[in-house]
Ligand SMILES: O=C(NO)[C@]12CC[C@H](CC1)C2
Ligand SMILES: [Zn+2]
């Protein structure tokens, strides 16, 4: 008998009740949402099944699988509703997530085809699927791959990482932090777009997150600092949206809605594989000009934000 769509319920990593689309299938249930694009499917990497769960009340017991599934649904909806984009490739590509990847793996990734989440070691991270901004970060790597295709090293790689953080912060919209829900070691978050210097992602072993181009990391760590120098562009995007004064330069913010449209248009129309920070500035100014006019507050905010982080 064929599978049929059901609305199901389950508990996330932190025990919170989640609602999502699944399928009833041969008397069991699976995390396959057939209502979005060509499907949103989540599976348990240790069993290889897409979490077929024997359940009478449709409660799913695997918290990481439930959260990963909901993250993907929410991020799909964000790109569809905000930009009219149908999945990572704008052609409904199936969104695949694997949970329980590795052994207490303190990371998550996009491998060009799917999202993977580690369970964390319980000291540095809780299961990473528990962070909506993490799932949105990973899926955004897929969007970057299918648009500008920013090469994952040096400045283009830092822009790739920054875009994943920017969209991560736009999907998980209540703050400008990345990873705040999954830190087990008491730190506030993994990264802050608002003030990069307050949180250092020590995985990068560089010991700092620069908030000005003059402080950029130059070296071979972290693919040439993709998780380090990303914070320069993160700070610029934060300033475009929220405004503020940075190194003596004042920026009047234009809000999240204008900011996400500017960055998405820059990514999908102007940036290319080898774009660097200077090209990011130009692309964002051009996108803001296209959308709001050359004398707009948005163009002014973008110009001032990149001046403030020292990118010309
Ligand atoms: O930057 C990352 N991946 O490229 C992440 C962001 C949240 C998880 C921990 C570090 C993945
Ligand atoms: Zn990333």
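A short reminder: the numbers here are calculations on the coordinates, not readings from a lab. Everything numeric in this text was worked out from a predicted model, so none of it was measured. Don't worry about glycine lacking a Cβ; one is built from the backbone with ideal geometry, like all the others, and counts go over all protein chains shown.
By the beta-carbon count within 10 Å of each Cβ, the least crowded to most crowded order of 268, 241, fewest first, is 268, 241. Per-residue Cβ neighbour counts within 10 Å put 170, 279 in the sequence 279, 170, beginning with the fewest. With viscosity set to 0.890 mPa s at 25 °C, what whole-number translational diffusion coefficient in µm²/s follows for the chain from Stokes-Einstein and a Kirkwood radius over Cα pairs? It diffuses with D of about 124 µm²/s by this estimate. Restricting the calculation to Cα atoms, the range 150-312 shows an Rg/Rh of 0.95 when the hydrodynamic-style radius is the Kirkwood one. Helix 230-242 and the longest principal axis of the C-alpha atoms of the chain enclose an angle of approximately 80°.
Taking packing as the residue-averaged number of other Cβ atoms within 10 angstrom, the listed peptides 134-146, 253-265 run from highest to lowest as 134-146, 253-265. With contacts taken as Cα pairs under 8 Å and at least 6 residues apart, the chain reaches a relative contact order of 12 percent.
In degrees, nearest 10, range 0 to 90: what is the angle between the Cα axis of helix 154-171 and the longest Cα principal axis of the chain? Taking Cα atoms only, the helix is inclined about 60 degrees. Report note on the peptides 35-41, 65-71: ranked by the mean count of other C-beta atoms within 10 Å, highest first, their order is 65-71, 35-41. For the chain, the longest principal axis of the alpha carbon atoms and the long axis of helix 63-83 meet at an angle near 50°. Residue order for 222, 185, 195, fewest other beta carbons within 10 angstrom first, comes to 185, 195, 222. For the range 1-146, the normalised intensity computed at q = 0.12, 0.16 Å⁻¹ comes to -0.43, -0.78 (log10 of I(q)/I(0), Debye sum over alpha carbons, equal scatterers, no solvent).
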